[in-house]
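To start, the structure itself, in structure tokens.
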Ligand code: HEC
Ligand code: HEC
């Protein structure tokens with residue numbers, strides 16, 4: 001199903017309930033109406049497009065699509081494993097193989113970066129050579145047979161934002177994150193950013209949200225120590241499909257300092 005900004009399962013349920021209440025003669029006023037309005041604003045932040053998007057918004061949105069366009073668009077997963085996913089890699093299959101980052105990396109360097117080894121090893125090159133290229137040319141590459149994408153899956157406007165990110169939003173991550181996962185930042189400078197922004201949802205220790213498995217937690221500290229490339233991407237872009245703010249508008253070195261601080265947080 002193509003992307004429809006008004007489509008959301010919970011929202012549908014809320015509307016159906018609302019209609020049912022109205023049918024029974026119960027007018028929805030006050031708090032109920034306010035919470036519907038709030039819900040629409042939250043949804044708009046996650047899936048909507050501003051009328052007059054800033055460059056930093058475009059880059060952050062393109063980066064979220066690069067991370068996971070399926071969740072960023074609330075779209076359906078394509079069937080099966082991506083045709084370009086190499087048979088030699090049996091560790092990953094299905095929907096995850098359709099994410100740009102799965103083939104081209106969190107560091108945009110593909111086989112020449114962190115995905116030279118590990119469960120996302122594919123031998124596929126990165127997108128670094130396309131930094132600075134015309135987004136229209138990148139759009140052509142995305143629509144080429146090797147990629148198997150259609151505008152049913154990724155609407156053209158969204159695909160052009162991914163292309164814009166590849167052209168103008170990606171950075172040379174090797175300047176900030178070293179191969180041994182150490183980060184060229186100052187944790188003392190990153191600490192106030194974490195405590196004032198990130199802690200709102202992740203807690204002062206980064207442990208308030210856990211995306212790991214039982215016995216194998218996934219906290220901010222776990223992610224930052226284990227995969228600083230991914231963490232830097234998410235700091236700049238936010239996390240697709242949730243209301244995490246993107247810090248793309250701020251100087252990259254501030255975000256690298258923040259990344260350094262997140263590496264000091266507990267991993268478990
Ligand atoms: C299943 C793996 C896979 C996925 C997912 C994938 N690509 Fe690719 N991509 C490839 C392959 C294979 C090539 C061709 C590489 C080559 O020519 O050696 C390629 C080439 C490219 C190139 C040209 C790189 C160059 O230097 O020639 C760009 C840019 C690119 N992809 C961007 C993207 C973006 C953006 C997405 C997500 C919307 C994406 N790709 C998703 C496999 C993938
Ligand atoms: C408004 C709430 C909110 C704020 C503020 C926020 N986040 Fe998040 N963040 C989330 C949510 C929700 C998730 C998804 C967690 C999940 O998948 O269970 C998430 C996910 C993440 C992830 C990755 C999870 C994964 O699956 O790999 C990282 C890393 C992260 N946040 C770091 C940060 C950092 C650093 C900051 C400060 C710049 C921040 N977050 C600010 C809500 C927030």
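Worth pointing out:
To keep it simple, each residue is scored yes or no on (1) loosely packed, with under 14 Cβ neighbours inside 10 Å; (2) in contact (Cβ under 8 Å) with a residue 60 or more places away in the chain.
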residue: 177; (1), (2): no, yes
residue: 183; (1), (2): no, yes
residue: 191; (1), (2): no, yes
residue: 196; (1), (2): yes, no
residue: 200; (1), (2): yes, no
residue: 206; (1), (2): no, yes
residue: 223; (1), (2): no, no
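- Residue among 169, 190, 148 that is more than 25 Å from residue 53 (Cα to Cα) and either within 16 Å of ligand 2 (Cβ to nearest atom) or under 20 Å from the mean Cα position of the chain (by Cα) (or both): 190
- Looking across 97, 29, one residue alone is out of contact with any helix residue (DSSP H, G or I) (no Cβ under 7 Å at 6 or more places or on another chain) and modelled with pLDDT under 95. It is 29.
- Residue ID - nearest to ligand 1 (Cβ to nearest atom), chosen from residues in the stretch 172-187 that are more than 21 Å from the chain's Cα centre (by Cα) and assigned to a helix (DSSP H, G or I): 175
- Residue within the stretch 149-168 that is within 27 Å of residue 112 (Cα to Cα), surrounded by 15 or more Cβ atoms within 10 Å (Cβ to Cβ) and free of Cβ contacts under 8 Å to residues at least 12 places away in the same chain present: yes
- Of the residues screened, residue 136 is one that is surrounded by fewer than 12 Cβ atoms within 10 Å (Cβ to Cβ), more than 10 Å from ligand 1 (Cβ to nearest atom) and touching a residue at least 12 places away in the same chain (Cβ under 8 Å).
- When we screen 230, 223 for residues that are at pLDDT 95 or above and within 16 Å of ligand 1 (Cβ to nearest atom), the only hit is 230.
- Only one entry in 259, 255 is in contact (Cβ under 8 Å) with a residue 12 or more places away in the chain, in contact with a strand residue (DSSP E or B) (Cβ under 8 Å, 6 or more places away or on another chain) and either more than 28 Å from residue 39 (Cβ to Cβ) or more than 8 Å from ligand 2 (Cβ to nearest atom) (or both), namely 259.
- In the stretch 226-247, the residues that are closer than 17 Å to residue 184 by Cα form Cβ pairs under 8 Å with partners that are outside any helix (DSSP H, G or I) and within 9 Å of ligand 2 (Cβ to nearest atom), at six or more places apart or across chains, as follows: 235/247; 236/246; 236/247.
The values are calculated or read from the model by the stated rules, or taken from the named source; none is laboratory data. Keep in mind that this is a model prediction, so the values were computed, not measured. When we count neighbours, we look across all protein chains shown, and the Cβ atoms used for this are built from the backbone with ideal geometry, even at glycine.
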